[in-house]
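J.: Input: one structure, supplied below.
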Amino acid sequence: MGDAGFRQTPVGRAWIRRLAGQIARQQAPEDVAIVVKLLGDSTLPASVIGELFTHLRPPPGSPFQRQLESLKKGSARATWDRLVTRALATLENPKASVEDRVRAIPLLALAGIDQHADRLARLLAPHEVGVVQETALETLAQGRSPEIADRILARWSQLSPVRRRQAADLLVTRPAWAIRWLAAIESGTVQPADVGPSRWQLLRQHPDPEVRRRAEAVARKVQTGAGKRREVIRRYRQALAMKGDPARGQAVFRKHCAACHRLAGIGHEIGPPLAAMKQRGAEAILVNILDPNREVNPEYLTYTAQMVDGRVLTGIIAAETANSIVLRRADNASDTVLRVEIEDLKSTGQSLMPTGFEEHLSLRDMADLIAFLMQAP
């Protein structure tokens, strides 16, 4: 461990992982004390500290975890505080590598995740690389405070679809968090589509009776809200009884839909694929056209990016890497932007497909369009 060159090599890193794993399995207090002393060595880089602590960290409530807690409160308190200070310095250092920042994040748990929830939540900002956001959420998941859910939900509109799925899985793990999530859905901060059928089922069958009650109440309210466009859908159901002309429907598709959808060799594949739509039936197609936000897949939500240089870009997040995102919009136009160029990124909560197609389509147009969609290969 004292050989700086060795511990930076792949072999050295592997040895550190094995050492921490062995100590965690054996759970000997004297070994824990030795490791804490090593962690306090000011010559150890943050990457090595993170490697040790990440693999040393025991499950919450385990005997080994209590040993670590007792050391934190005893003679090793100064060491603990020094580690947290170094971790915070690494996170604030713009020159620190992504690897070092990722390894520094779990170290905040040494001082208590609830205590550093604000700092961890700030790592969910859109300019942060994906692995930093992911690690911050994983670390927040180990906390207990109900306010952790509030910190995450305050950032919800900035989270990409991938991070929203991770956050959603986190929020159902504690009753207090699930109740706050349901309150955010009820208030409109979170769109019902962000929950997804499987998580709705988890919430409605949750072991906690209060979560179950709130989930049922919010689900009923969501259904009532969806009725705001029921009158439009009711009027246009007449089109389902009309015999449509697929040829005329193709012309309607080309004019109104091809900018974002592709079918039968026509248009751009930006929105959800339509080939399988006919399996759901004509009425489902009608509802999706007239109420596009009722069942929108989170992957097709519109985002607005405020850039550092003053530009405002919009589109769905078609792709994202550690350092960049791709925003795609109608007619297959797209922008690839670096995360460091983004000042703010927020979801509009709306589908890229606009509401109000009844203003452009007559009953005859709708019948023809549905006929084309139903017969297209």
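J.: Would you check if Glu210 is in contact with a Pro (Cβ under 9 Å, 6 or more places away or on another chain), at negative phi, loosely packed, with under 15 Cβ neighbours inside 10 Å and part of a helix (DSSP H, G or I)?
T.: yes
J.: Scan Leu345, Leu369, Leu327, Leu373 and give me the residue that is in contact with a strand residue (DSSP E or B) (Cβ under 8 Å, 6 or more places away or on another chain) and part of a helix (DSSP H, G or I).
T.: Leu373
J.: So how many residues does segment 118-175 have that are closer than 20 Å to Val98 by Cα and among the β-branched types (Val, Ile, Thr)?
T.: 6
J.: Still on this structure, please answer the following. Is it the case that segment 178-197 has a residue that's over 21 Å from the mean Cα position of the chain (by Cα) and assigned to a helix (DSSP H, G or I)?
T.: So far as segment 178-197 goes, no, none of its residues is over 21 Å from the mean Cα position of the chain (by Cα) and assigned to a helix (DSSP H, G or I).
J.: Right, here's the next one. For Arg248, which of the numbered conditions (1) modelled with pLDDT of 95 or more; (2) outside any helix (DSSP H, G or I) fails to hold?
T.: Failed condition: (2).
J.: Something else about it: Does Arg262 meet the test of being more than 30 Å from Glu99 (Cα to Cα) and modelled with pLDDT of 90 or more?
T.: yes
J.: Do the conditions hold for Gln191, that is, is it in contact with a strand residue (DSSP E or B) (Cβ under 9 Å, 6 or more places away or on another chain), within 23 Å of Val132 (Cβ to Cβ) and either touching a residue at least 60 places away in the same chain (Cβ under 8 Å) or of a type in the set (Lys, Arg) (or both)?
T.: So Gln191 fails the test.
J.: Okay, moving on. Could you pull out every one of the helices (runs of 4 or more DSSP H) wholly within segment 109-156 that has 3 or more residues that are over 15 Å from Trp177 (Cα atoms) and within 12 Å of the chain's Cα centre (by Cα)?
T.: It comes to 130-140.
J.: Can I ask one more? Yes or no: Leu286 outside any helix (DSSP H, G or I), in contact (Cβ under 8 Å) with a residue 12 or more places away in the chain and farther than 18 Å from Ala333 by Cα?
T.: No: the conditions fail for Leu286.
J.: If I filter segment 181-198 for residues that are over 28 Å from Asp291 (Cα atoms), hydrophobic (A, V, I, L, M, F, W, C) and either at pLDDT below 95 or crowded, with 18+ Cβ neighbours inside 10 Å (or both), do I get at least one hit?
T.: no
J.: So, in segment 330-360, how many residues would count as being more than 15 Å from Met307 (Cβ to Cβ) and within 21 Å of the chain's Cα centre (by Cα)?
T.: Total meeting the criteria: 6.
J.: Now for a separate question. Taking the criterion of being of a type in the set (D, E, K, R), in contact (Cβ under 8 Å) with a residue 60 or more places away in the chain and more than 16 Å from Gln158 (Cα to Cα), would at least one residue in segment 341-363 satisfy it?
T.: Yes - at least one qualifying residue is present in segment 341-363.
J.: Taking Arg237, is it part of a helix (DSSP H, G or I), touching a residue at least 24 places away in the same chain (Cβ under 8 Å) and buried (at least 17 other Cβ atoms within 10 Å of the Cβ)?
T.: Against the criterion (part of a helix (DSSP H, G or I), touching a residue at least 24 places away in the same chain (Cβ under 8 Å) and buried (at least 17 other Cβ atoms within 10 Å of the Cβ)), Arg237 does not qualify.
J.: Against the conditions (1) assigned to a helix (DSSP H, G or I); (2) of a type in the set (D, E, K, R); (3) over 24 Å from the mean Cα position of the chain (by Cα), where does Asp309 fall short? Just the number, please.
T.: (1)
J.: Which residue is nearest to Val129 (Cα to Cα), if the candidates are limited to segment 330-346 and must be modelled with pLDDT of 90 or more and of a type outside the set (A, V, I, L, M)?
T.: Checking each candidate, the answer is Arg339.
J.: Among what's in segment 131-149 and is of a type in the set (Ser, Thr, Tyr) and over 21 Å from Ser324 (Cα atoms), pick the residue that is surrounded by the fewest Cβ atoms within 10 Å (Cβ to Cβ).
T.: Among residues in segment 131-149 that are of a type in the set (Ser, Thr, Tyr) and over 21 Å from Ser324 (Cα atoms), the one surrounded by the fewest Cβ atoms within 10 Å (Cβ to Cβ) is Ser145.
The values are calculated or read from the model by the stated rules, or taken from the named source; none is laboratory data. Predicted model, so just to flag it, every value in this text is computed and none were measured. Ideal geometry is used to build each Cβ from the backbone, glycine not excepted, and the neighbour counts take in all protein chains shown.
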